[in-house]
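The values are calculated or read from the model by the stated rules, or taken from the named source; none is laboratory data. As the structure is a prediction and not an experimental result, all values here were calculated from the model. Every residue, glycine among them, receives a Cβ derived from its backbone with ideal geometry; neighbour counts consider all protein chains shown.
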Amino acid sequence: MASKVEICNRALEKLGAGSITSLADDTVEARACALLFDMARDAVLRRYAWNFAVKRTNLAALAAAPSWGFDAAYPLPADCLRVLEVQDDDAWAVEEGNILSDVGDPIYIRYIAQITDTAQFDPLFVEALASKLAYEMAEHLTQSSTKKDQAAKDFAATLLEAARTDGLESTPSTLPEGSWLDSRA
């Protein structure tokens, strides 16, 4: 898969800017990439439930329960960027680095993990990340709002394509109420 430098060069290519050989290069492009890469990666990971970044785990409750509203607090995994699901619980919340829930100990969760190894990145994620980086760097590197707008459109289109592709890689967990299947009974 693509390396950090290759992803940055894809973003720079979208802007018509010069390429880099390392994030440590002494160029404005390399400094911008080094500054923005990790934040952009985490933002794009958090934005969508990328299959390669979804993890499942169980969590033990903390000794101290929340002061009100929920029965227990569970510490989020260190690599958690976004909680997707708490099994068997429709009412939960994320506060202060914990999941608050009424489900008994332990709880089972699905979450988006912070994936830093670029070899694990999905090709559509790479394209989305390059578009996000291009968007973030556009004003600084090109002073062109047109290029920034194009990068934003590229990012939105890539997320839409990823959602469509992802939808084909698993079955829905539940059917909505009032679906066409209900009318066939």
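Residue pairs whose Cβ atoms lie under 9 Å apart, separated by 6 or more positions or on different chains, with the first residue in the range 18-29 and among the small types (G, A, S) and the second in a loop (DSSP other than H, G, I, E, B), are G18/T27. When G167 is tested against (1) under 20 Å from the mean Cα position of the chain (by Cα); (2) at pLDDT 90 or above, exactly one condition is not met: (2). For the range 78-158, the strands (runs of 3 or more DSSP E) that sit wholly inside it and include 3 or more residues that are β-branched (V, I, T) are 107-113.
Does L59 fit the bill of being among the hydrophobic types (A, V, I, L, M, F, W, C), more than 16 Å from I115 (Cβ to Cβ) and surrounded by fewer than 16 Cβ atoms within 10 Å (Cβ to Cβ)? Judged against the criteria, L59 is not a match. Could we say that D25 is assigned by TED's automatic domain parsing to the domain that holds L141, over 24 Å from T165 (Cβ atoms) and of a type outside the set (G, A, S) here? Spelling it out, D25 is indeed assigned by TED's automatic domain parsing to the domain that holds L141, over 24 Å from T165 (Cβ atoms) and of a type outside the set (G, A, S).
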